[in-house]
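S.K.: Quick one: this structure, given as structure tokens, is what I'll be asking you about.
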Ligand code: NAD
């Protein structure tokens, strides 16, 4: 039985936790460990360590920071298989998928290795006679990241490489459902030479989140998780005067036009709908089939779903693993009967798919057809292996459906018509758009984030917006005095 605890000031925490949570192996349904839940005092200790480390870290040269990032990059890369196995053992996702998330996280580390370039300011000579002006960006201080279960490596790595490269010190509060990866990353940071206290991990639930949100020394909070908690974190954190970016849930539509290649569209819908058992914020959860493609497209999707191998993430050949907890599996499964009761048809029933024996949190891939916008399976973010198909008479009706949906994280159009694709990218009210690409997750040097109820705050994560989020701008106006500058002048300074 594993014991997972906090990482504060460069070492594992040695205190005794007042509360703990169970960590499961989703493939067996068995408890594999216990994770300590931080109290407000434990959070205080992490903030104190991060606060103490900040002055020296903010003054570390850009070259030193970049060198440590390069070393961390090498270590994560070297340990990528071990990290993938660790992720799979607590999350359940198959190893190729876990390896993919480590790779996408590494891209952000690689982006942050360019911090000397990213932090370059501007300089203007002679903004007034012999007066120069320049802009600099400075770190905020102690910043925190609160992350969801579904990407225990990648989502924290959207945040901390950029925050740390910018000169901040960081406290990560990972999901209590799969907490071990965060600790392994802390050890790798230390091996890379990161000074103690620059990266800290506290585990826990609402108590630790609330303590971080209320702490006056925590200057900024990045959050990724479900929409109700994202809204809460944004409202609470900003009420305490913090800078907050809070990324929420999603309902991603894939619009399939009649001229699309339906084989490629069906491949994409199945890959994006059932990869990671649908537990991705960029998963396609709704296929919008524009008449008359519905029947043919659903038939092709069914054919592909029937061939999917559901099994433990650690077994070669498994394409889809279990859900993260038994409770979540039951909630996802409840949508099947409710969908039928509300008028949908069950094109593929995941309960009948060949599933591993035992107590694991299994549910096979499900396709609900003839789904309508009022049904619960359309309204809820199911976050599981359930793909809904909505039939629609036209492009415009499909666009109306997407516009009326409260979420705006990702979307995709499948078509061979360049004009239609261009119109879609221009009109659609969604933050990340794919043209014949079903999971359009931006690269590290762009920024990731949705619109509407999928993001609260002004900035998206990583890329230029990440650097902006973790720094404050300052503009200096400077004059080196000589006798020509003499004389009192009460007028407002102008560019004379
Ligand atoms: P969650 O909202 O339950 O948890 C996210 C974090 O918030 C965790 O660290 C958790 O411990 C904490 N938390 C939970 N309840 C809390 C409370 N009452 N008060 C304060 N903090 C609380 O989300 P999850 O189930 O771990 O992750 C899945 C969700 O995350 C989905 O909705 C998914 O769409 C979303 N997600 C969004 C993105 C994105 O980029 N927009 C990316 C990944 C996941």
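S.K.: When you scan region 317-339, how many residues do you find that are touching a residue at least 24 places away in the same chain (Cβ under 8 Å) and over 19 Å from residue 280 (Cβ atoms)?
M.R.: Qualifying residue count for the region: 4.
S.K.: Let me ask something else about it. Mind checking whether some residue in region 314-332 is modelled with pLDDT of 95 or more and under 15 Å from residue 251 (Cα atoms)?
M.R.: yes
S.K.: Return the total of residues in region 49-80 being in contact with a helix residue (DSSP H, G or I) (Cβ under 7 Å, 6 or more places away or on another chain), closer than 22 Å to residue 184 by Cα and either without any contact (Cβ under 8 Å) to a residue 24 or more places away in the chain or assigned to a helix (DSSP H, G or I) (or both).
M.R.: Residues in region 49-80 being in contact with a helix residue (DSSP H, G or I) (Cβ under 7 Å, 6 or more places away or on another chain), closer than 22 Å to residue 184 by Cα and either without any contact (Cβ under 8 Å) to a residue 24 or more places away in the chain or assigned to a helix (DSSP H, G or I) (or both): 9 in total.
S.K.: As an exercise: evaluate residue 453 against (1) over 16 Å from residue 288 (Cα atoms); (2) more than 16 Å from the ligand (Cβ to nearest atom) and give the number of the one condition it does not meet.
M.R.: Here residue 453 meets the rest and fails (2).
S.K.: Test of understanding: among 400, 381, 427, which residue is away from the ligand (no atom under 16 Å from the Cβ) and either within 30 Å of residue 157 (Cβ to Cβ) or out of contact with any strand residue (DSSP E or B) (no Cβ under 9 Å at 6 or more places or on another chain) (or both)?
M.R.: Unique residue meeting the criteria: 427.
S.K.: Further question on the same structure: Looking only at region 145-181, how many residues end up being part of a strand (DSSP E or B) and within 11 Å of the ligand (Cβ to nearest atom)?
M.R.: 4
S.K.: May I pose another question? The conditions are (1) closer than 30 Å to residue 102 by Cα; (2) more than 13 Å from the ligand (Cβ to nearest atom), and residue 392 fails exactly one of them. Which is it?
M.R.: Among (1) closer than 30 Å to residue 102 by Cα; (2) more than 13 Å from the ligand (Cβ to nearest atom), the lone unmet condition for residue 392 is (1).
S.K.: Here is a check on your reading of the model: is residue 463 surrounded by 15 or more Cβ atoms within 10 Å (Cβ to Cβ) and out of contact with any strand residue (DSSP E or B) (no Cβ under 7 Å at 6 or more places or on another chain)?
M.R.: yes
S.K.: Does at least one position in region 469-491 carry a residue that is within 20 Å of the chain's Cα centre (by Cα), within 16 Å of the ligand (Cβ to nearest atom) and either at pLDDT 95 or above or surrounded by fewer than 19 Cβ atoms within 10 Å (Cβ to Cβ) (or both)?
M.R.: yes
S.K.: Being in contact with a strand residue (DSSP E or B) (Cβ under 8 Å, 6 or more places away or on another chain), part of a helix (DSSP H, G or I) and surrounded by fewer than 22 Cβ atoms within 10 Å (Cβ to Cβ) is the filter here, so list the residues in region 13-48 that pass it.
M.R.: Within region 13-48, 45 is the sole residue that qualifies.
S.K.: Here's something else I'd like to know. Being assigned to a helix (DSSP H, G or I) and surrounded by fewer than 22 Cβ atoms within 10 Å (Cβ to Cβ) is the filter; apply it to region 191-226 and report the residue that is farthest from the ligand (Cβ to nearest atom).
M.R.: 191
S.K.: Suppose we filter region 238-253 for residues that are away from the ligand (no atom under 16 Å from the Cβ) and either in contact with a helix residue (DSSP H, G or I) (Cβ under 6 Å, 6 or more places away or on another chain) or within 20 Å of residue 388 (Cβ to Cβ) (or both); how many remain?
M.R.: 0
The values are calculated or read from the model by the stated rules, or taken from the named source; none is laboratory data. Since this is a predicted model, take the numbers as computed values, not measurements. Using ideal geometry, Cβ is built from the backbone for each residue, glycine included, and neighbour counts are taken over all protein chains shown.
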